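Working notes, beginning with the structure itself.
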Amino acid sequence: MEYEVVHTDDVPLTDLSETDDVPPDLQIRALDEVLDTDDVQLKLWYFEPGEEIQYHAHSEQEEIFYALEGEFSLKLGRSGEEEFVEADAGTFWIAKPEIGHGHRNVGDEQGVVLAIGAPAVDDPGLDPHEIDD
């Protein structure tokens, strides 16, 4: 199909704790699967207070994030140059390939982050401390 329209509530909520090979144990809505994207990965990540995506990097994929709800502490930057940044609803951040990034919900309410990654390739997380500059 050349176009698709979908409401968030019509996208299945997936509990990653039921999937052994995909950490972290968060809930997501895989928008890219419903919209059948070719070049972009598109996910909504749901974080309960204290939940996080640990500091990691990707070899090829550039990711843009947008906080829809919640308060987050971001860990961003190359190994040895990491910075911590506070982010709340309305904040965007980006991680280029091989740049470490992670975020934790530091608020008292559920947080929701939209993650956009391109290219749409299988690019598992790397340990930023093991990437050669």
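Quick look at the numbers
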{"quantity": "So Q54, is it of a type outside the set (G, A, S) and in contact with a helix residue (DSSP H, G or I) (Cβ under 9 Å, 6 or more places away or on another chain)", "calculated": "no"}
{"quantity": "Among residues of the stretch 84-125, those that are more than 21 Å from Y46 (Cβ to Cβ), part of a strand (DSSP E or B), within 14 Å of the chain's Cα centre (by Cα) and not aliphatic (A, V, I, L, M), counted", "calculated": "1"}
{"quantity": "Residue selected from the stretch 52-83 under the condition part of a loop (DSSP other than H, G, I, E, B) and without any contact (Cβ under 8 Å) to a residue 60 or more places away in the chain, by the criterion nearest to L114 (Cα to Cα)", "calculated": "G70"}
{"quantity": "Test for P49: is it touching a residue at least 40 places away in the same chain (Cβ under 8 Å), out of contact with any strand residue (DSSP E or B) (no Cβ under 8 Å at 6 or more places or on another chain) and loosely packed, with under 15 Cβ neighbours inside 10 Å", "calculated": "no"}
{"quantity": "Selection status of G111, surrounded by fewer than 16 Cβ atoms within 10 Å (Cβ to Cβ), modelled with pLDDT of 95 or more and under 23 Å from D9 (Cα atoms)", "calculated": "no"}
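The values are calculated or read from the model by the stated rules, or taken from the named source; none is laboratory data. Predicted model, so just to flag it, every value in this text is computed and none were measured. Here Cβ is always computed from backbone atoms with ideal geometry, including for glycine, and neighbour counts include all displayed protein chains.
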